[in-house]
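**Student:** Let me begin by handing over the structure; questions about it come next.
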Amino acid sequence: MAAPVTRFAPSPTGHLHVGNARVAVLNWLLARHGGGRAILRFDDTDPARSEDRFARSIADDLAWLGLSFDATVHQRDRLDLYRDAARRLADQGHLYPCYETAEELEDMRRRQRLAGRPPVYNRAGLDLSAAERARLEAEGRRPHWRFRLARQPVTWTDLCAGESRVDTSHLSDPVLIRADDSPLYTLPSVVDDLEMGITHVLRGADHATNTAVQIEIIQALGGTPPTFAHIPLLLGPDGGPLSKRDGGAGLADLRDQGIEALALFSLLAGLGRDTMPEPISHPDDLLPGFDPGALGHAAPRFDVEAARRLSARTLHDTPYPAVRQRLADLGLGDPGAAFWEVIRGNLERLDDAAHWSAVCFGEITPAIDPEDRDFLAQAATLLPPEPWTGETWKTWTTTLKETTGRRGKNLFKPLRRALTGRDQGPEMAALMPLIPPHQAKTRLAG
């Protein structure tokens, strides 16, 4: 079996959101699992809606997510291929000109609905004689071009949905070429899939009807349809459509919230499966067990809180070399592996490390309750001598227990709050050797 070739084909009309990102992740996994190629293809043939800034944003988000592509293609650079395909379809009688305006088409659909009929194009363009077409063009009308559907059932074996069937007799002949001669989405998609040797098209279940149309166009062009896989659409945590509140507005929003890229990758790859997503150290970790047929038929839900939890677990498992440069980018310099080992299990997001860096290497504002001031002043005088080790905390608190009579949280909590400014955090036995003794004394004195 030939290695799979997949494509992720976003329209650069906005920023990437998690629903699109999930499709990108699964296409990448499908290609890499089979030792094949993954192509990033921008559907940017509509100059009125496509913007370079969105294409750059999408590419940046995909790179942040950990996706590398074997080629990046812009459909706007391939217009000659689409024009040639349109000519071939027209010469074979598959593509025909139509002259209705948008208003006339909407009026036609309205009358069909009022009559209880489905709003399907009536193929009036097929009945026009050459003289009638010439008259319409003399009036200033320019034709748009429709593909003549076979109006019969189209079937395919879907990797996710199983045996699938769409009867194109219930569909309008799709417009492939606009009146300004620019191609719509469907024709470039089919032409590129054929020309690029795309073997698998994995996309949302809302494209199933498009698939039937594209299969007919592919066959009209003399090609062989790829294998299709239609995945259920991603929903919000309440089962409704994804909204900005759910983190579905864009990957940039999730990045700003401190979500780890590897955590989001694992979560998006695992949604819809029976097993819970787990932290990964590299996208390749998910390749051995990838199976598009195991994605399920129910629409999965994306919960940003689940992403945050998995993100924290991912940080907790991340070794120091993988975050050294990122910590430097936060302005923390090179705090060292010992620092990271102590604090990483208490991070919810990486920039939380800034506080613990200040605890260990800088200055903080200690948190001291008035009733604890005398106790903390006494604790400062009883600090053990240097060097401090992993036993220093136990030695110190044992002495304080015997000297002051304090026990439990009345002993430990004021010390932690004074030394770290927080009620919770890393084990003090591990953290205390990283705190400069002179800083500890200053903090205890308030």
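**Student:** Taking the convex hull of the Cα atoms, report for segment 1-145 its projected area averaged over all directions, in nm². Intermediate results must be reported in sequence, preceding the final value.
**Tutor:** Numbers: hull surface 52.3 nm².
Answer in nm², one decimal: 13.1.
**Student:** Something else now. Springs between alpha-carbon atoms under 10 Å, Gaussian network over the chain: tell me which of R407, R301, R76 tops the mean-square fluctuations.
**Tutor:** Fluctuation is largest for R407.
**Student:** Determine ³J(HN,Hα), in whole Hz, for all residues of segment 391-396 in sequence, where each value follows from phi through the Karplus function 6.51 cos²θ - 1.76 cosθ + 1.60 and θ = phi - 60°; x replaces Gly and Pro.
**Tutor:** 9, 4, 4, 5, 4, 5
**Student:** For the residues E163, E104, what sequence is obtained by ranking on other C-beta atoms within 10 Å, fewest first? Walk me through the intermediate numbers first.
**Tutor:** Working: E163 8, E104 11.
Ordered by Cβ neighbours within 10 Å, fewest first: E163, E104.
**Student:** Now for a different question. Taking segment 370-444 on its own, what percent of its Cα-Cα pair distances exceed 17 Å?
**Tutor:** Numbers: 991 of 2775 pairs.
Counting pairs separated by more than 17 Å, the tail of P(r) holds 36 percent.
**Student:** For an R0 of 30 angstrom, estimate the FRET efficiency from the Cβ-Cβ distance between R110 and R56 and round to the nearest 0.05.
**Tutor:** About 0.15, to the nearest 0.05.
**Student:** Also: So what's the back-of-envelope 222 nm ellipticity for the chain, counting only DSSP H runs of four-plus at -39500 (n - 2.57) apiece and dividing by all residues, rounded to 500? Can you show the working numbers first?
**Tutor:** Details: 18 runs with 191 residues, N = 446.
The helix contribution divided over the chain gives -13000 deg cm²/dmol.
**Student:** Okay, next question. Once fully extended, how much extra length lies between D84 and A445, figured as 0.36 nm per residue of separation less the alpha-carbon to alpha-carbon distance?
**Tutor:** Details: separation 361, 0.36 × 361 = 129.96 nm, distance 8.14 nm.
Full extension of this stretch gives 121.8 nm more.
**Student:** Would you mind telling me which residue in P225, P335, P97 has the biggest mean-square fluctuation in a Gaussian network model of the chain, where springs connect alpha carbons within a distance under 10 angstrom?
**Tutor:** Among P225, P335, P97, the largest GNM mean-square fluctuation belongs to P335.
**Student:** Separate question: Sorted from largest to smallest, which semi-axis lengths in Å does the alpha carbon gyration tensor of segment 202-307 give for its equivalent ellipsoid, taking the root of 5 times each eigenvalue? Before the final figure, lay out the partial values.
**Tutor:** Details: eigenvalues 170, 62, 35 Å².
Equivalent-ellipsoid dimensions as semi-axes: 29, 18, 13 Å.
**Student:** I'd like the distance separating the alpha-carbon centroids of segment 123-197 and segment 42-112, in whole Å.
**Tutor:** One Cα centre to the other: 13 Å.
**Student:** Kindly identify segment 103-248 as rounded, prolate or oblate by the Cα gyration tensor criterion: order the square roots of the eigenvalues as a ≥ b ≥ c, call it rounded if a/c is under 1.5, otherwise compare a/b with b/c, prolate if a/b is larger, else oblate.
**Tutor:** Numbers: a/c = 1.92, a/b = 1.47, b/c = 1.31.
Prolate.
**Student:** I want to check a number: in the chain, how many lysine pairs have alpha carbons closer than 28 Å, given a sequence separation of 8 or more or different chains? Intermediate results must be reported in sequence, preceding the final value.
**Tutor:** On the way: K394/K409; K394/K413; K394/K441; K401/K409; K401/K413; K401/K441; K409/K441; K413/K441.
Value for the chain: 8.
**Student:** Still on this structure: Which one of P143, T211, H297 is farthest out on the positive end of the charge dipole of the chain, using unit charges on Cβ (Lys, Arg +1; Asp, Glu -1) and the Cα centre as origin?
**Tutor:** Result: H297, furthest along the dipole toward the positive end.
**Student:** Right, another one. As I understand it, the value is the acute angle between the Cα axis of helix 304-317 and the longest principal axis of the Cα atoms of the chain; what does it come to in degrees, rounded to 10?
**Tutor:** The answer is roughly 50 degrees.
**Student:** Mind putting together the pair-distance distribution for segment 282-389? All Cα pairs, 10 Å bins, whole percent per bin, short to long.
**Tutor:** Binned Cα distances yield the sequence 11, 27, 26, 20, 9, 5, 2.
**Student:** Take the alpha-carbon positions of the chain, form their convex hull, and give its projected area averaged over all directions (one quarter of the hull surface) in nm².
**Tutor:** Over all viewing directions, the chain projects a mean Cα-hull area of 28.6 nm².
**Student:** Return the single residue from V23, V190, V154 with maximal mean-square fluctuation; model: Gaussian network over the chain, springs between Cα atoms under 10 Å.
**Tutor:** With Cα springs under 10 Å in the chain, the top fluctuation among V23, V190, V154 is at V154.
Only the coordinates and a few stated rules stand behind these numbers; no lab work does. This structure is a prediction, so every number in the text was calculated from the model and none was measured. Glycine also receives a Cβ, built like all others from the backbone with ideal geometry; neighbour counts cover every protein chain displayed.
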